[in-house]
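**Q** Below you'll find the structure I mean.
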Amino acid sequence: MTAINSLVQLQDIDSQLMDLEELQGDLPSKVEDLSFRLEELKSSIHAAKTRIAEIDAEIRQLEGHESDRRTKVDKLRDQLYLVKTNREYDALMSEIDHLEEEIDTEENRELDLMQEKEQLEEQLKFDESQIGELDVQLKTQAGELEKRVASSKEEEIRLSQNREEILPTIESRFISKYDRVRQAKNGIAVVPIVNHSCGGCHSKITPQHETEVRKGEGVHQCSTCRRILHWINTA
């Protein structure tokens, strides 16, 4: 078998493999995108729950500190009636003022934390509603993709085996040329001459060039698009 005949067969196999891949459509990318979004949501939900737990712990701690300080303030106020000098009175009042400032600071911190918690809970509620919808979508899309893959798997295996059998029969330099053109031309590297023109870019082929291609000897390329040309004998 000549190099060009082997390349024609290789192109036919690769074209069929591309057709099988196209049967899957954009399902693989959709499944991948849904999986990514689902993982992002799960991570967001976990982070929100963790932060809410941290906020609850900090609020409890602040409430404990406030309770202790209010108890101290009450005791200090009781002592005000027992002091005998202005100096002692001023010292007690200074301590009371300091404790009340700390209580105000902690109360403001509590308000900030409660506001943050409320926002997190709203986002958490939304994310949890979204995760259910995404999970259903992912299972549906993944199931459809699995069906399409399964239906074409046997044919894909057969074509891949045929491809592996043909490759050793072609010189590496021709394989390299084929791969370069195929990558540059959306998977189509080998085309026939049709009406004296390249079957890929439709540029005119000179009579001498067409004659060389018709002989089936060597590997000839279109001078315009560089696709590999072959002749289909209709006689």
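**Q** If you scan segment 22-31, which residues turn out to be exposed (fewer than 13 other Cβ atoms within 10 Å of the Cβ) and among the charged types (D, E, K, R)?
**A** Listed by number, the residues that qualify are Glu22, Asp26.
**Q** Is it the case that Ile103 is within 30 Å of Ile55 (Cα to Cα) and touching a residue at least 60 places away in the same chain (Cβ under 8 Å)?
**A** Considered against the rule, which asks whether it is within 30 Å of Ile55 (Cα to Cα) and touching a residue at least 60 places away in the same chain (Cβ under 8 Å), Ile103 comes out as no.
**Q** Condition check: surrounded by 14 or more Cβ atoms within 10 Å (Cβ to Cβ), touching a residue at least 40 places away in the same chain (Cβ under 8 Å) and out of contact with any strand residue (DSSP E or B) (no Cβ under 9 Å at 6 or more places or on another chain). Does Glu171 satisfy that?
**A** It is false that Glu171 is surrounded by 14 or more Cβ atoms within 10 Å (Cβ to Cβ), touching a residue at least 40 places away in the same chain (Cβ under 8 Å) and out of contact with any strand residue (DSSP E or B) (no Cβ under 9 Å at 6 or more places or on another chain).
**Q** While we're here: Which pairs turn up if I take residues in segment 204-219 that are within 15 Å of Pro192 (Cβ to Cβ) and look for partners that are loosely packed, with under 12 Cβ neighbours inside 10 Å with beta carbon separation below 6 Å, at least 6 apart in sequence or on another chain?
**A** So the pair list comes out as Ile205/His196.
**Q** Now for a different question. Please specify each residue of segment 45-67 satisfying the condition of being under 28 Å from the mean Cα position of the chain (by Cα), surrounded by fewer than 16 Cβ atoms within 10 Å (Cβ to Cβ) and not β-branched (Val, Ile, Thr).
**A** Hits for segment 45-67 are His46, Ala47, Lys49, Arg51.
**Q** Is there a residue in segment 136-152 that is among the hydroxyl-bearing types (Ser, Thr, Tyr), loosely packed, with under 11 Cβ neighbours inside 10 Å and either touching a Pro at 6+ places or on another chain (Cβ under 9 Å) or in the same structural domain as Arg77 (by TED's automatic domain parsing) (or both)?
**A** no
Let's see how each residue does on (1) in a helix (DSSP H, G or I); (2) basic (Lys, Arg); (3) surrounded by 12 or more Cβ atoms within 10 Å (Cβ to Cβ); (4) assigned by TED's automatic domain parsing to the domain that holds Ser176:
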| site | (1), (2), (3), (4) |
| --- | --- |
| Ile13 | yes, no, yes, no |
| Gln16 | yes, no, yes, no |
| Glu40 | yes, no, yes, no |
| Val83 | no, no, yes, no |
| Ser94 | yes, no, no, no |
| Asp112 | yes, no, no, no |
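**Q** Of the residues in segment 176-216, how many are assigned to a strand (DSSP E or B) and either crowded, with 17+ Cβ neighbours inside 10 Å or of a type in the set (Gly, Ala, Ser) (or both)?
**A** 5
**Q** Being of a type in the set (D, E, K, R) and surrounded by fewer than 18 Cβ atoms within 10 Å (Cβ to Cβ) is the filter; apply it to segment 217-235 and report the residue that is nearest to Asn5 (Cα to Cα).
**A** Glu217
The values are calculated or read from the model by the stated rules, or taken from the named source; none is laboratory data. As the structure is a prediction and not an experimental result, all values here were calculated from the model. Because the Cβ atoms are built from the backbone with ideal geometry, glycine has one as well, and the counts that use them run over all protein chains shown.
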